[in-house]
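Shown next, in structure tokens, is the structure this report addresses.
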Amino acid sequence: MKKQLTLLLAGGMLAAPATAIADPVEITVWHMEQPPHRVERIQSLIDEFNAANPDIMVSQEPQNWGEIYAKAPAAVAAGTGPDMLFAIPDFAPILKDIGALESVADFVEELDGAHDFVDSTVEAYSYDGGVWAVPLYNMTLNLWYRESVLEEAGIAVPTSWDEWRAAAEALTTDDQFGMGLPANRQLYTDQTVYSVMVNGGASEIYNEDGTLRFDNPQTVAAYEFYNSMMEFSPPDAPSWTWGEAEACFASRSCAMVMQFTVISTYENQAEGDASDLGVAAIPTSDGSGDNATIAYANAVMLLSDEEARREASKEFIRFLLQPENYGRFLNMEPGLFMPVTADGATAESFWSDPMVQEYRDQIETVIANGQNGRLFGFTSGRVYPAIAAISAQNVLAETLQSVVVTGAEPADAVAAGQDRMADLSR
Amino acid sequence: MRRPLRWSIALAAGLLVLAALIGLPFWWVVSGAFKAPQEIIARVPTFFPQSFTLEHFEKLLSASDYLTYLVNSVFVSVLSALVTLVLAIPASYAFFRLTFRGRETLYRIILLAYAFPSIVVLIPLFATFARLGLVDTRLALVLVNVAFALPFAIWMLRSFFASIPREIEEAARLDGGAPLTVLLRIMIPLTAPGIAAVAIFAFVTSWTEYVFASVMILSDAKRTIPVGFSGIIGQYQVDWGLLLAGASLAILPVVLLFALIGRWFVTGLTEGAVK
Amino acid sequence: MNRPLIAFAFVAPALVFLAATLAWPLVSAFLLSLQNVRSVGTTGTWVGLENYQYILANAAFWRSTGLSFGWVIANAALQTLLALLAALILHQKFPGVRVARTWIILTWIVPTVVVVMIWRWLFSTSGGMINPILLQLGIIDRPVGFFATPESAFATLVFINSWRWFPFIALMMLAGMSRIPSDLYEAARIDGAGAFKRFTRITWPLLAPTLTVLLIVGTLLSFNVFDVIWLMTQGGPAGGTRTLPVLIYETAFRSYRMSEAATIAVLATALLMSFAVLATRYLARSGDER
């Protein structure tokens, strides 16, 4: 049905009279960066591109993460989808499943040659003999704290789980929670749980042959540890998303949080003292230096199957990844979006932003931490479509909730979690 | 009609509780929208604002399309209310004043319209709208809103029509009036307050609708307030000031509407028909 | 007065409209439940009653059904109570009653997203108002996570939903009360009946028909509440607020099983329809046609 619709559309466009050459190719991009200042920044880049490319006209439609999982497949199926759609790794398989994607391996190779992608970001979209999206920006979880607060309590930055627990305990006082951890059935909790798992030797949820291996001793140990840390979190942690964690840190109610970045809120809503803001890699279970973290390589998918529109979309992406533009793109939210290219990491346009300059040390640490980033379900070079449902249903977080909220034994909860994953993979 | 003292006290106490229950949350939200960011997230919240700033409203209006959302919401809600009335008034009149076969059964079926989870209608309706080219149109929202408001509207109108004395209607018919004329010339003017109440009901249900609006509307320019509002809730961080300002502005139009015509809603319900 | 054609013309537009926008999609959903469609936009094959077998044997389905029952009953109880009290208060005459009657509806005219955001903020432990107040009043001695456990999340959601709806119900009740002729009350007072007796002998019986209809429609609407629950807890924590509408949405758009979702919806519809049919039959018998 959808194929017929698009064929009709394509035919219609090709049959248009020659005067169409004068009309610009109109393409739309959907993204989930809705906060007004991000929309504004994207718009200014779009305006620049449109001015420099009179034969192409790009427009943006900001969408909402809560709605897009339902909306995008529906819109694509109805033939009203966009030409470009930003994505995170577990979102792409859904669109690939409904036949909306063509491999962009050649295009990615071209860009890789020009800008040198961070390998893990391309890997997250490489499977089934193709590359399904173009990496665009990276986000990684880190441990944030205030130097002064740690100093006052006389503790050093934790590097192992034991130290982490001891630090959280020492930092928990009457009006301060040592370690703010979420326990909500939501993406943020998926992310924090996985960050702990990945540093405890439990980064793979699939075996080489595609069978699930979520239920293993390292995973259970990770959940046990996470659960033991919950006593240092505020009581409303089971309903936390990113916003609550940041607010807790900004208001000094939490001494430490796991977050992609707190720089913006720290600067605008808290005291904004760059010299006091500390960031570290997530501690490993045994204190060995091989820290890892969850990495979300955000990318852009090309959905149109018309040559002209695909080409126009590629032009726009080339424009964005140019070092002189890329920095401004990333800094739509300073400190949150990290470069996925080597030349982006050294780009003047990135480092010249005032906020980035002010928090230069922290951002350099974040970029360094991100080199060792992983994402569950996307680690073995093979991707299993069920990962979409597993992510969308927040099974990792769900499993945590049964331990933290319902009081199940970690071993039982993890076994049930694996059953749930199996069910979703039917 | 004198009232014993203890009743007066009970009444006053009840009123106070009611006022607090309804008014306090809104006070906190609106007063919070004017507070400085630090004061909003402070661990010990303040009842009376200690700071004053307009930055949240500035940010909201300059950096987002909030006014567009407002216009869209007004357009959709007004249209939904009108269409609901146009469909509900004749239907209600027919159910409760005219006789025809199957009247009873049809009336029962009307209320059954609520007897299923509205979510299930979402996808088939989306597919149909897609085929008709109605996706990403405000008309689609109007159609959905009317569908959900219509049954209750028909039921609401019933009691207003029922309370008009039969003699008036008989007289009009004896004068040789066709049912349509009777409806337009006599019944509607007599039940005007009730009709206003139903119109407001349809308006408000459209104004507050979220789920269908979030899926049916794809482009920013057509968004309604509820969807637009959920959009400014940041994905990875929460700007409480911005949210409180947004909430205040989302409430403002309906509050203004009610300041103007709210009493008609109440008198419409309580009096229903001009005696 | 018998002009069936005219009557039909009056009713037809509304009926056709409802048939197109509600009845047809319902049929469509039923057909969907007999296939095995996954993501939206894909096609499936006919699998007969396979989905029904799976769902009816699924513990999650029955848990959600139970939660939906609990949700409906809890909401009905709380809303009826609050609405009745509010209606009784607003039925009295006192300075400012007009203002009160107009503005009590404030909570209902606000979009649900906003309601959710307001209460999420108020109930949070950093910056929220509720915890500090309860601490001050000595009702609790540590901040409470209102959404921390399944039970408290459920209760809190019932409260929020009732807060939103009770003024509307109150006004409907008020409308019913105002149709009770005041001479009845006069006569009763002259006969020496106290306030309580006036309530039980006059108000309650004469209000009963209105209350019954409100209860029926209210139940149906309550059952269907989706956005408040979804926006606030997404059915959590630990599935403690995953009522049937939430389960349907999740199955369709998060597990990507459209046909399964349609199946649950059809079953839920069957449940509601039986309730509605029985209820309206009871209504007819008790002579609602006033």
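The values are calculated or read from the model by the stated rules, or taken from the named source; none is laboratory data. Note that the structure is a prediction, hence the values are computed from the model and not measured. Cβ: placed from backbone, ideal geometry, glycine included. Neighbour counts: every protein chain shown.
When B:SER31 is tested against (1) more than 30 Å from B:ILE195 (Cβ to Cβ); (2) crowded, with 20+ Cβ neighbours inside 10 Å; (3) touching a Pro at 6+ places or on another chain (Cβ under 6 Å); (4) of a type outside the set (Asp, Glu), only condition (2) is not met.
Screening the candidates B:ALA94, B:ALA149, B:ALA113, B:ALA140 for the property of being within 14 Å of chain A (Cβ to nearest Cβ) and under 30 Å from C:PHE30 (Cβ atoms) yields one hit, B:ALA140. The selection criterion, being outside any loop (DSSP other than H, G, I, E, B) and closer than 14 Å to A:ALA168 by Cα, does not hold for A:ALA245.
Under the condition of being in a helix (DSSP H, G or I) and under 18 Å from C:GLU250 (Cβ atoms), which residue from segment C:1-55 is nearest to the other protein chains (Cβ to nearest Cβ)?
C:ALA29
Scanning segment B:97-146 for residues that are in contact (Cβ under 8 Å) with a residue 24 or more places away in the chain, small (Gly, Ala, Ser) and outside any helix (DSSP H, G or I) turns up B:ALA113, B:SER118. At least 1 residues being at positive phi is the threshold, and among the helices (runs of 4 or more DSSP H) wholly inside segment A:348-426 not one reaches it. Taking the listed residues B:VAL227, B:VAL182, the one that is under 24 Å from B:LEU87 (Cα atoms), within 12 Å of another protein chain (Cβ to nearest Cβ), in a helix (DSSP H, G or I) and of a type in the set (A, V, I, L, M, F, W, C) is B:VAL182, with no other qualifying. The set of residues in segment B:147-178 that are over 14 Å from B:SER92 (Cα atoms) and in a helix (DSSP H, G or I) comprises B:ALA147, B:PHE148, B:ARG166, B:GLU167, B:ILE168, B:GLU169, B:GLU170, B:ALA171, B:ALA172, B:ARG173, B:LEU174.
Outside any helix (DSSP H, G or I) and either within 11 Å of chain B (Cβ to nearest Cβ) or at negative phi (or both): which single residue out of C:GLY218, C:GLY235, C:GLY240 fits that description? Please lay out each step first, then the result.
Values: C:GLY218 fails: outside any helix (DSSP H, G or I); C:GLY235 fails: either within 11 Å of chain B (Cβ to nearest Cβ) or at negative phi (or both).
Exactly one of C:GLY218, C:GLY235, C:GLY240 is outside any helix (DSSP H, G or I) and either within 11 Å of chain B (Cβ to nearest Cβ) or at negative phi (or both), namely C:GLY240.
Quickly run through segment A:302-338 and pick out the residues that are modelled with pLDDT of 90 or more, touching a His at 6+ places or on another chain (Cβ under 9 Å) and not aliphatic (A, V, I, L, M). Scanning segment A:302-338 gives A:GLN322, A:PRO323, A:TYR326. Restricting attention to segment B:52-77, the residues that are assigned to a loop (DSSP other than H, G, I, E, B) and at pLDDT 80 or above add up to 3. When A:ASN291 is tested against (1) in a loop (DSSP other than H, G, I, E, B); (2) modelled with pLDDT of 90 or more, exactly one condition is not met: (2).
Every residue, every condition in (1) under 16 Å from A:ASN184 (Cβ atoms); (2) part of a helix (DSSP H, G or I), yes or no:
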| position | (1), (2) |
| --- | --- |
| C:VAL116 | yes, yes |
| C:ARG120 | yes, yes |
| C:GLY145 | yes, no |
| C:ALA155 | no, yes |
| C:VAL158 | no, yes |
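Right, A:ASP215: within 14 Å of chain B (Cβ to nearest Cβ) and either of a type in the set (Asp, Glu) or at positive phi (or both) or not? No; evaluated as a whole, the condition is false for this residue. Of the residues making up segment B:34-46, those that are in a loop (DSSP other than H, G, I, E, B) and at pLDDT 75 or above number 3.
Conditions (1) away from chain A (no Cβ under 13 Å); (2) surrounded by 21 or more Cβ atoms within 10 Å (Cβ to Cβ), marked per residue:
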{"residue": "C:ARG120", "(1), (2)": "no, yes"}
{"residue": "C:SER124", "(1), (2)": "no, yes"}
{"residue": "C:MET129", "(1), (2)": "yes, no"}
{"residue": "C:ILE133", "(1), (2)": "yes, no"}
{"residue": "C:PRO143", "(1), (2)": "no, no"}
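Hey, C:THR102 hits all of (1) at pLDDT below 85; (2) outside any helix (DSSP H, G or I); (3) more than 14 Å from chain A (Cβ to nearest Cβ); (4) under 30 Å from B:GLY228 (Cβ atoms) but one; which does it fall short on? Only one criterion in (1) at pLDDT below 85; (2) outside any helix (DSSP H, G or I); (3) more than 14 Å from chain A (Cβ to nearest Cβ); (4) under 30 Å from B:GLY228 (Cβ atoms) is unmet by C:THR102, namely (2).
In this structure, is C:LEU231 in contact with a Phe, Trp or Tyr (Cβ under 9 Å, 6 or more places away or on another chain) and over 16 Å from C:LEU81 (Cβ atoms)? Talk me through it step by step, then tell me what you get.
Values: in contact with a Phe, Trp or Tyr (Cβ under 9 Å, 6 or more places away or on another chain): yes; over 16 Å from C:LEU81 (Cβ atoms): yes.
Yes, satisfied.
There is no residue in segment B:64-77 that is within 11 Å of chain A (Cβ to nearest Cβ) and without any contact (Cβ under 8 Å) to a residue 40 or more places away in the chain.
Could you say whether any residue in segment C:148-159 is more than 14 Å from chain A (Cβ to nearest Cβ), touching a residue at least 24 places away in the same chain (Cβ under 8 Å) and of a type in the set (S, T, N, Q)? No.
Test C:VAL213 against the criterion of being crowded, with 24+ Cβ neighbours inside 10 Å and either assigned to a loop (DSSP other than H, G, I, E, B) or hydrophobic (A, V, I, L, M, F, W, C) (or both), and give yes or no. No.
Scan segment C:163-183 and give yes if some residue there is polar (S, T, N, Q), part of a helix (DSSP H, G or I), within 9 Å of another protein chain (Cβ to nearest Cβ) and surrounded by 15 or more Cβ atoms within 10 Å (Cβ to Cβ), otherwise no. Looking for residues that are polar (S, T, N, Q), part of a helix (DSSP H, G or I), within 9 Å of another protein chain (Cβ to nearest Cβ) and surrounded by 15 or more Cβ atoms within 10 Å (Cβ to Cβ), one finds at least one in segment C:163-183, hence yes. In segment C:123-143, the residue that is farthest from C:LEU157 (Cα to Cα) out of those that are within 27 Å of the chain's Cα centre (by Cα) and either among the aromatic types (Phe, Trp, Tyr) or part of a helix (DSSP H, G or I) (or both) is C:ILE130. Scanning segment A:248-280 for residues that are under 15 Å from A:MET355 (Cα atoms), part of a helix (DSSP H, G or I) and within 8 Å of chain B (Cβ to nearest Cβ) yields A:SER264, A:THR265, A:ASN268. Total residues in segment C:62-84 satisfying the condition of being surrounded by 14 or more Cβ atoms within 10 Å (Cβ to Cβ) and free of Cβ contacts under 8 Å to residues at least 40 places away in the same chain: the figure is 1. The single condition from (1) over 30 Å from C:ARG281 (Cα atoms); (2) at pLDDT 85 or above that B:LEU87 fails is (1). Among the residues of segment A:104-124, none is identified as assigned to a loop (DSSP other than H, G, I, E, B) and over 21 Å from the mean Cα position of the chain (by Cα). For segment A:223-238, how many residues meet the condition of being closer than 17 Å to A:THR399 by Cβ and within 13 Å of chain B (Cβ to nearest Cβ)? Residues meeting the conditions: 0. Scanning segment A:1-46 for residues that are among the hydroxyl-bearing types (Ser, Thr, Tyr) and either at pLDDT 85 or above or surrounded by 11 or more Cβ atoms within 10 Å (Cβ to Cβ) (or both) gives A:THR6, A:THR28, A:SER44.
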